[in-house]
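Structure first, then comments.
The values are calculated or read from the model by the stated rules, or taken from the named source; none is laboratory data. In this text, all values refer to a predicted model and were calculated from it rather than measured experimentally. Because the Cβ atoms are built from the backbone with ideal geometry, glycine has one as well, and the counts that use them run over all protein chains shown. Ligands, DNA and RNA are stripped out before the accessible areas are found, and what is left, the full protein with its side chains, is counted by its heavy atoms. Shrake-Rupley method; radii C 1.70, N 1.55, O 1.52, S 1.80 Å.
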Amino acid sequence: MTLLDVANLDSGYGDLQIINGVDMQVGDGEYVTIVGPNGAGKSTVMKSVFGLTTYMGGSIEFKGTEISGYRPEEIISTGIGYVPQSDNVFPSMSVMENLEMGAYILDEVPQERIDRIFDRFPILEERRQQNAGDLSGGQQQMLAMGRALMLDPDLLLLDEPSAGLAPDLVQDMFDRIDRINDDGTGVLLVEQNAKEALRRCNRGYVLVQGQNRYEDTGDALLADEQVRKDFLGG
Amino acid sequence: MSRESLTGMGENISGGRISDSASAVRNRLSPTSGADIVGLFVALLMVLLVLDIVRRLVTGGIAYTKLLEYLWWGLRDAMYIALAAVGLSMTYSILQFANFSHGDLITTGAFGGWAAAYLVGGWGLASVGELVLVRATSGGVSPGQVGLQVFASPLAILIGMVVAGAVTVLVALAIDRLVYKRMRDQGGISMLIASVGVALALRYFLAVIFTNRKRGVTATAPDVGPFTAHELTLVIIAFALIVGLHLLLQRTKLGKSMRAMADNKDLALITGIPTERVITATWIIGAAFAGISGYLIVLDRGSVSINLGWFLLLLIFAAVILGGIGSIYGALVGSLIIGMTVNVSLIWLPSDLAKVSAFILMILILVFKPNGLLGGVETT
C-alpha cells in the first residue's frame, strides 16, 4: 500500500519555485532516500510534504487523503513526524519537556511512548532533567527523533540526520534509523551521505534542480554507472 | 565575510610588513581581553563600594537603618520594574521585536485601573465624569476626600487592580490586531518603529481623555511597621504575580508552549503548537502585568501622570537588556540589579544621578557580557 504519494508537485518559497513536477512514493513501512547535489530541492520536497513551503500545484496524498494545504498541526495528527536538519530541539527546555512538546496535540502526555523512546535512546533517560541545549550534537539528534516519534507516526521525515555528527556517530545514527524502520515506521530520508543512505534504504530518488532524475532500489542506484559518476563521486 | 577578508588582505599588501605586524598586535588585543579588563574593573569597583559601605556603617557616616531603607526601596522598585520587564521580555522572545509601546501600556493600566477604583470608592462623592477621569481638572474633589487607601477601601483598590489588568489586556490585544498582527513577518526593526508610533498614539489618546495634568490620587495609609502600607501592598502583589508566572511557565502546558516558542519558533510550529494562540496568551500576560504594574506604582507614589510609563520604559529596557533580552528570568535578575543600583547609589550620589548609575552599570556589564547576564544561557 502506498503511504505517501507525491504527484507532479510544484512548490517553493514565496514567488520562487524550487520543486518542478516531482513524483515520489513511500510505501507502508518502506525506507526511501532522496539524494542529489546541493540546491536540488531535497529538503524542500520534505518541507512541502509537511506544509512548510508555498504550494504551487500537484498533489500530496497521505494514506489516501489529500494533505496539500493542511497546516503543520493537522499534518502531524495524520501521522507524519518531521525532524528538521538543524535547530531541532528546544535548547532551554529539559529533555523531558522536549519530548512532552512532541505530544503537544494530545491532551495527555502518553507515558508508554516516553518509556519506549527511552528504551530506544537510553542516554535520553539518563539526561532527562538536563536542558537540551547542554546535550552533544548526537544526543540532540536523538532527542529530535524521539520528539518526532512521540506520536507514533506512520511516516518519519528525516532531514540530514547525520549532518554535523562525528564520523563514528554517523554509522550509529544510520543503525538507529534502521531500527526505527524495522519497527514498521516508514522513513523518508534526505542525506548528504548518499552512498551510505542508498546502501541502507529500500528505494532511492535522485533529485536534480527540483526534478526527478533517477529512481530505483538503493542497490540499483549504487550500481548504476551514470549515477555513481555524477552524484556519488565515482 | 569574504569581502572583509579580501579588503583586509588588500590593506596588508599595500601597507607591506608594517601593517601586517600592526594587525597582528590588534589581533592579540582581541575584544575578549578588553572585556576582561572592564569585568575586572567592575568587580574591583563593587568590592571598593561594599568596603566603603562597611566603613560608613562603622564610622557612622551612614546609619544602619538608612542602608536598610535604601535596600527596601531597591526591592520595591525592582518589583514594579520586574512586573513590566517580564512582559517586555516575553514580547521580545515570542513576537521577536522590542516593544516601545510597553511603557504606555503601563500608563494605560494606571489610568484605567484608577478610573475604576475612583468610580467604586468615590461613588456619590463627585460626579461620575470627575471620578472616571481621575480628577482630570483641578478643583473639585480631592484625593483625601475620596479617601482611597488599602485599609479604608480595600475592595475599590482590588477592583481597580483587576480592571487595570483587564483594560490593558484589551488595549494590547486591540493594538495587536490592528497593527502588529499585520506585521508578523515584517521583521523586528519595522515592528520596533511601528511600536514607537503606537506608543505616541496611545499616550496622546490617553492625554485627550485624561488630560496631561499630574495629580494626586491616593489618600495616605497608616504605616505597617517600618513600611508604608502601599509599598508593602505593591511588593506583596508583585511577588505573588511573579511566582504565579513562574509556576505557569514551568508547570502548565500553556507555559511550556510559551517557553518552546520563545526558544524556537519554527520548531514550535512543526510540533503543532498553535502559535497565534500562544501570541495571544503572551499579550494577555504581558499586558496584564504591565497594567497592574502601572496601577501599583500610582498606589505607591500617590500620583499619576501621562508620562508615567514612558519615563519608566528606559529603566525597564535596562533591566531586560541587563538580564539578557528575551530571558524572563534574566529580566527578573536585571530588575533587581537596576532597582537596587538606583537606590543604593543614593549613598554616594544625589538622587538626580542615581538613575545614571544604573545605566552606567548596565553599559559596563554589557561590555563584559554582551548577551546580558542570563542571555544565551536560558532563553525563557
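Rounded to the nearest 20 debye, the dipole size of chain B about its Cα centre is 280 debye, using +1 on the Cβ of Lys and Arg and -1 on the Cβ of Asp and Glu. Any chance you could give the angle, 0 to 90 degrees and rounded to 10, that helix A:167-182 forms with the longest Cα principal axis of chain A? Rounded to the nearest ten degrees, it is 90. Nearest 5 percent is fine: what portion of the DSSP beta bridges confined to the protein assembly as shown is antiparallel? Percent antiparallel among DSSP bridges in the protein assembly as shown is about 60. Per residue, the range A:89-152 exposes 41 Å² of solvent-accessible protein surface, assessed with a 1.4 angstrom probe and all protein chains in place.
Look at where the Cα atoms of the range B:64-109 and of the range B:259-282 average out, and the two centres are 25 Å apart.
Out of A:190, B:48, A:49, whose Cα points farthest toward the positive end of the dipole of the protein assembly as shown (charges: +1 Lys, Arg; -1 Asp, Glu; placed on Cβ)? So the residue furthest toward the plus end is B:48. The convex hull defined by the C-alpha atoms of the range A:89-152 has an orientation-averaged projected area of 3.6 nm². With both labels modelled 7 Å from their Cα along Cα-to-Cβ, the residue A:211 to residue B:44 distance reads 7.0 nm.
With a Förster radius of 60 Å applied to the C-beta separation of residue B:207 and residue A:109, the computed FRET efficiency comes to 0.75.
Taking the helices alone, the protein assembly as shown has a mean residue ellipticity at 222 nm of -19500 deg cm²/dmol, built from -39,500 (n - 2.57) per DSSP H run of at least 4 residues and averaged over all its residues. Each Cα pair under 8 Å and six or more residues apart adds its sequence gap; the mean of these over the residue count of the range B:151-291 is a relative contact order of 43 percent. Length gained on full extension, residue A:23 to residue A:136: 37.0 nm, using 0.36 nm per residue less the C-alpha separation. Using C-alpha pairs under 8 Å with a sequence gap of at least 6, the mean separation divided by the residue count of chain A gives a relative contact order of 27 percent. Under the rule a/c < 1.5 gives rounded, and otherwise a/b versus b/c splits prolate from oblate, where does the range B:204-288 land using the Cα gyration tensor? Oblate.
Solvent-accessible area of the range B:284-380 (1.4 angstrom probe, protein heavy atoms only): carbon and sulfur portion equals 73 percent. Of the residues B:260, B:317, A:9, the one whose Cα sits farthest towards the positive end of the charge dipole of the protein assembly as shown is B:317 (charges of +1 on Lys and Arg Cβ, -1 on Asp and Glu Cβ, taken about the Cα centre). Is there a pair in A:63/B:181; B:66/B:355; B:181/B:265; A:47/A:195; B:66/B:214 whose C-alpha atoms are over 25 Å apart, and which pairs would that be? Those over the limit are A:63/B:181; B:66/B:214.
Local charge for residue B:136 was computed over the other residues whose Cβ lies under 9 Å away, with Lys and Arg +1 and Asp and Glu -1, and equals +2.
Counting protein heavy atoms only, the range A:89-152 has 40 percent of its accessible area on carbon and sulfur, 1.4 angstrom probe. Each Lys and Arg adds +1 at its Cβ and each Asp and Glu adds -1 at its Cβ; summed about the Cα centre, the range A:152-234 shows a dipole of about 300 debye. Going from the chain on its own to the full set of protein chains, the range A:89-115 has these residues losing 20 Å² or more of accessible surface (heavy atoms, 1.4 Å probe, no ligands, DNA or RNA): A:90, A:91, A:92, A:93, A:97, A:100, A:101, A:104. Taking 45 Å as R0, compute the FRET efficiency from the Cβ-Cβ separation of residue B:72 and residue B:181 and round it to 0.05. Using R0 = 45 Å, I get an efficiency of 0.60. Taking both sides together, the accessible area buried where A meets B is about 1900 Å² for a 1.4 Å probe.
Based on every Cα atom in chain B, Rg and the maximum pairwise Cα distance Dmax equal 23.9, 87 Å.
Filter the DSSP H helices in chain B by two things, a Kyte-Doolittle mean of at least 1.0 and an axial alpha-carbon span of 30 angstrom or more, and list the hits by number. Flagged H segments are B:31-59, B:154-178, B:188-210, B:229-251. Solvent-accessible surface of chain B, averaged per residue with a 1.4 angstrom probe and all protein chains in place: 46 square angstrom. The three principal axes of the Cα atoms in the range A:63-187 give end-to-end lengths of 40, 30, 25 Å, sorted in falling order. Taking label points 7 Å from Cα along the Cα-to-Cβ direction, residue B:55 and residue B:137 give a separation of 5.9 nm. Taking a ≥ b ≥ c as the square roots of the eigenvalues of the alpha-carbon gyration tensor, the protein assembly as shown is classed prolate because a/c is 1.5 or more and a/b outweighs b/c.
Express in whole angstrom the spacing between the alpha-carbon centres of the range A:70-113 and the range A:24-50. Comparing the Cα centres of the range A:70-113 and the range A:24-50, I get a distance of 21 Å. Taking a Cβ cut-off of under 12 Å around residue B:149, the surrounding Lys, Arg, Asp and Glu residues balance to a net charge of -2, with basic ones at +1 and acidic ones at -1. The Rg/Rh ratio for the range B:228-344, using Cα coordinates for both the radius of gyration and the Kirkwood hydrodynamic radius, is 1.01. Residue separation of residue A:2 and residue A:15 scaled by 0.36 nm, minus their Cα-Cα distance, works out to 1.6 nm of gained length. Here the dipole of the range A:89-152 is about 240 debye; that uses its Cα centre as origin and unit charges on the Cβ of Lys and Arg (positive) and Asp and Glu (negative). Burial of accessible area (probe 1.4 Å, heavy atoms of protein chains only) in the range B:259-307, relative to its chain alone, reaches at least 40 Å² for B:259, B:263, B:264, B:267, B:269, B:270, B:271, B:272.
Here the contact order of chain B, divided by its residue count and restricted to Cα pairs under 8 Å and six or more residues apart, works out to 29 percent. Given R0 = 60 Å, the distance between the Cβ atoms of residue A:195 and residue B:347 translates into a calculated FRET efficiency of 0.25.
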